[in-house]
Amino acid sequence: MIVDLPKPGGFASLTSSSPKLDSVPLGRVLRGLADRLSIEAPESIDQTLELFLDEHERYANATRIASLSAAHALKAWAAERLPSIGLSYGFTNRIEQETIKSNLDETAPLKLVEFADDLTLIAGYCRRLEELKIEAAPHSHGLCFRFYFRGRCSDESRVRIEEESVAKLLNEGNRDNSLKKRVFTTQTQVEAECIVLRKKVRLGFSPTH
């Protein structure tokens, strides 16, 4: 099956630069951090963060994303979103069509796209990114998506922003039993894993483990 990927801003696109009826704002983790800092420690706000968020403000088309599988939604998101951020990427999909069909879920695609977008904006702001690799593969519990952002943090202040943002990203989803997420950061790379669980598997998982 060949999936026709929508053009950015087109009728069937997954994202837009302005909100629509069923839009969901993307990049909420970094935006939330900026809003909190503006209240708690306005003297520490770097204006480049506000400029970065304004430049890359996007909204997800929830209805369109829900009509796709998690794998197809992520691939379409990457084709639309990553070039606009100026990030070169590679996407490797090892999931066969029958496996995708058996893992269809109406809520997971949007959650996966939100996670990927949050992570990309965090890494894109905090690091001098050289490349991004995305891998999709079958998993014993559903579908597994891995992200490898290569690049070093710009300075110590960005290291702190990255640490706090990643912690918030993981904490926000710790009661969601449709996804299992992990993020590892080193001096040269951000590596993340997001497993989209099959519905029948979810029932056996505690939302906090």
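Go through the residues of region 106-122 one by one and say whether even a single one is in a helix (DSSP H, G or I), closer than 21 Å to residue 185 by Cα, open to solvent by 10 Å² or more (accessible area, probe 1.4 Å) and touching a Leu at 6+ places or on another chain (Cβ under 6 Å). Break it down into steps so the answer makes sense when it comes.
Within region 106-122, the first condition is being in a helix (DSSP H, G or I), and the residues that meet it are 108-122.
Subset that is closer than 21 Å to residue 185 by Cα: 112-122.
Subset that is open to solvent by 10 Å² or more (accessible area, probe 1.4 Å): 114, 118.
From the residues that got through so far, the ones that are touching a Leu at 6+ places or on another chain (Cβ under 6 Å) too are 118.
Yes - at least one qualifying residue is present in region 106-122.
Taken as a whole, the condition of being closer than 21 Å to residue 193 by Cα, of a type outside the set (Gly, Ala, Ser) and assigned to a loop (DSSP other than H, G, I, E, B) does not apply to residue 100. When region 159-209 is filtered for residues that are among the hydrophobic types (A, V, I, L, M, F, W, C) and either modelled with pLDDT under 90 or touching an Asp or Glu at 6+ places or on another chain (Cβ under 9 Å) (or both), the ones remaining, listed by number, are 161, 169, 179, 183, 184, 190, 196, 197, 201, 203, 205.
Taking every residue in region 55-74 that is among the β-branched types (Val, Ile, Thr) and pairing it with any residue that is outside any helix (DSSP H, G or I), at least 6 positions away or on another chain, the pairs with Cβ-Cβ distances below 6 Å are 63/22; 65/14. Note on region 123-166: residues that are surrounded by 23 or more Cβ atoms within 10 Å (Cβ to Cβ), more than 12 Å from the chain's Cα centre (by Cα), more than 26 Å from residue 34 (Cβ to Cβ) and not small (Gly, Ala, Ser) amount to 1. Of the listed requirements (1) modelled with pLDDT of 95 or more; (2) part of a helix (DSSP H, G or I), residue 91 misses just one: (2). Within region 68-94, the set of residues being in contact with a Pro (Cβ under 9 Å, 6 or more places away or on another chain), surrounded by fewer than 20 Cβ atoms within 10 Å (Cβ to Cβ) and aliphatic (A, V, I, L, M) comprises 79 only.
Can you confirm whether residue 36 is crowded, with 20+ Cβ neighbours inside 10 Å and of a type in the set (D, E, K, R)?
Details: crowded, with 20+ Cβ neighbours inside 10 Å: no; of a type in the set (D, E, K, R): yes.
Criteria not met by residue 36.
Residues in region 137-196 that are under 17 Å from residue 111 (Cα atoms) and of a type in the set (Lys, Arg): 146, 168, 175, 180, 181, 182.
A count restricted to region 1-56 and to residues that are modelled with pLDDT of 90 or more and of a type in the set (Val, Ile, Thr) stands at 3.
The values are calculated or read from the model by the stated rules, or taken from the named source; none is laboratory data. Source: prediction; values computed, not measured. Don't worry about glycine lacking a Cβ; one is built from the backbone with ideal geometry, like all the others, and counts go over all protein chains shown. Note: accessible area is taken over every heavy atom of the protein model, side chains too, but ligands, DNA and RNA are not part of it. Shrake-Rupley method; radii C 1.70, N 1.55, O 1.52, S 1.80 Å.
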